[in-house]
Amino acid sequence: MARTQGITIKDVARRAGVSITAVSHALNGKGTLSAATREHIRTVADEMGYEADALARGLRRSTMGAVGLVLRSLDALGDYAPAGVDVFERFVGVAASQALARGLSLMLVPDLTRTPVPPLTFSMDGYIVTNPHLDDPVVALLEKRGIPYVTYGRVPGRPDFPHWASEDDAASARQVLAHLETGGARTIALVRGTDPNAWNHEHQDTYLAWCAERGTSPRLYELAERAGVEGGVELADRIADDGIPDAVFCLTGRHAAGVQQGLMARGVGVPERTMVVAGSDSEHARNSRPAISAVELNPVESVGALLDILQALVAGAEARSPRLTRARLRPRGATRR
């Protein structure tokens, strides 16, 4: 994939209405420019996509053996180390080790649209973007700059984009629903997040189809990912007031732990009266009592597929994509009747 032509320091100076020296001083923290002028110049440079770092300019037309990783779920959460959410740490660890095994370096990068961006951000050979959102500005920026990228999960609203890999979310959801049904569940409530990504959309679509096939009324709840355990506890009251379902399927471990706590505080036995399961395993799910059944994602195969696709794109070769991997359901006490 061809890169866009580089912006020069002269272009930035012309757009900002200042001298070339002023641009240099503003971007390198030198000189005696006022804070307002310095900020104005940096804003213009960021908007134009100017790469001030000399190494970045020298590498722009060649590969540097490094890929970037953007965790959109954590960007949206506003917390890059949420307590008990170890799924992202496992993904990053696998990505780093597999990149090293391929002779690549991995750089974690926050939201590319937020300024200031780290040096070399736009000189990566390519990017892995996890769980992109509908009309995601990070995806739009990478395409504008002509930087190759792959996504962990489909890009919502972009059925034409094939360069993605992930666990088969629909198959995982079906497996969870079948597990609960085998345990005697006829009414199942789904608690999804509010991020507009394929993870939430595909689980919801699969759940609604399952309900339609059985002629049961959906019990669908939305809870912001950042609400965490506390949000799950509060939601449990609403779920109970609506009538105790046979099972509650939460897409995050934190929500599942909170919902279970809230229901048990109301005297609802788990798993005797209702079962609880999480769509993504976490410390919260494993450490709850009873331990919450959860889907264990497959970062090893998913990351391997993503790197395969990305390396093919960087080399200008045809990429075999999209790629689906299989997750595994871990039954635990919260669904063992």
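Coordinate-derived values only; no laboratory data. These numbers were taken from a predicted model, which means no experiment stands behind them. Cβ: placed from backbone, ideal geometry, glycine included. Neighbour counts: every protein chain shown.
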Legend entry - For the chain: relative contact order, % (alpha-carbon pairs under 8 angstrom, 6 or more apart): 17 percent
Inset, instruction - Per DSSP H run of at least 4 residues, take -39500 (n - 2.57); add these up for the chain, divide by its residues and hand me the 222 nm value, nearest 500 deg cm²/dmol. - result: -13000 deg cm²/dmol
Legend entry - Rounded Å value of the spacing that divides the Cα centres of segment 9-45 and segment 253-270: 55 Å
Legend entry - Distance in nm between pseudo-label sites at GLU234 and ARG273 (7 Å out along the Cβ direction from Cα): 2.3 nm
Inset, instruction - Go ahead and run the numbers for FRET between SER105 and ARG337, Cβ-Cβ distance against an R0 of 51 Å, rounding to 0.05. - result: 0.55
Legend entry - Alpha-carbon radius of gyration plus Dmax, which is the widest Cα pair, for segment 88-161 in Å: 12.7, 34
Legend entry - Two-site label geometry, THR8 and LEU134: point separation in nm, points 7 Å out along Cα→Cβ: 4.4 nm
Legend entry - Net length gained if the chain between GLU181 and THR32 were fully extended (0.36 nm per residue, minus Cα distance): 46.7 nm
Legend entry - Of every Cα-Cα pair in segment 179-274, the percent that sits beyond 18 Å: 42 percent
Inset, instruction - Would you work out the relative contact order for segment 103-156, in percent, from Cα pairs under 8 angstrom that are 6 or more residues apart? - result: 38 percent
Inset, instruction - Express the relative contact order of segment 198-316 as a whole percentage, based on alpha carbon pairs under 8 Å and six or more residues apart in sequence. - result: 19 percent
Inset, instruction - List every residue whose amide H lies under 5 Å from the amide H of LEU220, counting only residues 5 or more places away in sequence or on a different chain, with H placed 1.01 Å from N in the peptide plane. - result: LEU190
Legend entry - Dipole magnitude (debye, nearest 20) for segment 97-246, charges at Cβ of Lys, Arg, Asp, Glu: 440 debye
Legend entry - Cα pair distances exceeding 38 angstrom across the chain, given as percent: 27 percent
Legend entry - Full-extension gain in nm, GLU283 to ASP205, via 0.36 nm per residue minus C-alpha separation: 25.4 nm
